[in-house]
1. What are the ³J(HN,Hα) values, in whole Hz, obtained from phi via the Karplus relation 6.51 cos²θ - 1.76 cosθ + 1.60 with θ = phi - 60°, for each residue of the range 36-48 in sequence order, with x given for Gly and Pro?
2. Bin width 5 Å, alpha-carbon pairs only: give the P(r) of the range 157-281 as whole percents, running from 0 to the bin holding the largest distance.
3. Rank-order 92-103, 241-252, 218-229, 30-41 by packing density, defined as the average count of other C-beta atoms within 10 Å over each peptide's residues, highest first.
4. On the Cα set of the chain, report Rg and Dmax in Å, please.
5. Over 17 Å apart: what share of the alpha carbon pairs of the range 40-171 falls there, rounded to a whole percent?
6. With every protein chain left in place, what is the accessible area per residue of the chain in square angstrom, probe 1.4 Å?
7. For the range 126-208, what ratio Rg/Rh do Cα atoms give with a Kirkwood hydrodynamic radius?
8. For L273 and A145, FRET efficiency with R0 = 30 Å and r from the beta-carbon atoms, rounded to 0.05?
Amino acid sequence: MSWLFPALFVVLWSTGFIGAKLGLPYADPFVFLELRLLFVLTVLLPFCWISKAPWPSRRRVWQMAVSGGLLQAGYLGGVFASLHHGMPAGVSALVTGVQPVLTAVLAGWLLRESVSARQWTGLALGLAGVMLVVGDRVLAEHLGAGPIALSVLALFSITLGTLWQKRHGAGVDLRTGAAIQFIAAAVILAPFAVLESGTVRWTGEFVFALAWLVVVLSLGAIFLLLYLIRQGRATQVSSLFYLVPPTTALIAWPLFGETYSAAAAAGMGLAMLAVWLVMRA
């Protein structure tokens with residue numbers, strides 16, 4: 001049971017990159033995100049009211065709004081924009097897969113969490129594996145600086161958001177805390193969506209992608225992430241993101257034809273070994 005929720009989270013989170021890439025040909029990235037957030041709130045807010053979920057204090061509301069700005073607006077905005085500008089789904093997952101390294105470094109400083117030598121070894125192996133795969137794909141895809149910079153923005157956003165949530169989210173109900181985060185993200189991303197064309201083609205693929213991101217990702221994976229952050233150490237939770245790149249790559253291969261070399265496969269193997277070391281520490 002201790003591996004059930006983490007394993008489920010990895011699979012669900014990996015499909016987020018797939019769902020985004022599947023729907024982006026039919027809508028601009030921030031319009032797509034705004035639709036996702038609005039549909040989530042139409043489900044989540046009535047659920048909070050019906051279940052009589054407690055709302056936090058004003059101070060906690062602002063803290064959860066910061067989490068929403070980082071975990072939702074910054075992370076998702078960076079990922080969707082990078083995919084829109086040509087970043088392959090697998091490579092986007094790989095760039096954000098460096099998150100455990102940043103989390104380990106910052107957790108010791110901000111949260112005063114100790115990081116063992118075994119964890120540092122795992123983190124170093126994971127970084128080497130991710131960089132090996134990223135380097136391979138950058139050479140193969142001839143990616144420009146823009147999509148990579150947007151993915152790096154997503155990386156820093158989710159890293160800081162994880163640490164902020166770990167520090168300030170312990171006493172907040174998961175239902176209302178998530179609702180505040182989604183509201184904050186919708187407000188932050190609204191000006192960017194207004195600047196886009198606003199054209200949406202409601203094809204079957206787009207409707208499926210939007211429904212998947214709303215129900216499975218925003219109402220499933222996000223709640224799992226918040227639960228795992230609350231239950232575990234920030235370093236251990238973030239190490240799960242090392243498993244997202246190979247999982248995303250396996251899904252993207254038959255759907256989008258994204259292939260990887262032997263060197264990239266070796267890098268993914270290193271990343272999976274890193275997860276095992278960090279989770280066992």
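1. These are the phi-based 3J(HN,Hα) values: 4, 5, 5, 5, 4, 5, 5, 8, 6, 5, x, 5, 4 Hz.
2. Whole-percent P(r) values from 0 Å outward: 2, 8, 13, 16, 17, 16, 15, 9, 3, 0.
3. Sorting 92-103, 241-252, 218-229, 30-41 by mean packing, highest first, produces 92-103, 241-252, 30-41, 218-229.
4. 17.9, 53
5. So the pairs more than 17 Å apart make up 66 percent of the total in the range 40-171.
6. Result: 43 Å² of accessible area for each residue.
7. Here the Rg-to-Rh quotient is 1.07.
8. FRET efficiency, A145 to L273: 0.50.
The values are calculated or read from the model by the stated rules, or taken from the named source; none is laboratory data. Everything quoted here is computed from the prediction, not taken from an experiment. In this analysis, Cβ positions are derived from the backbone assuming ideal geometry, glycine residues included, and neighbour counts consider all displayed protein chains. Note: areas computed on protein heavy atoms with side chains; ligands, DNA, RNA excluded. Shrake-Rupley method; radii C 1.70, N 1.55, O 1.52, S 1.80 Å.
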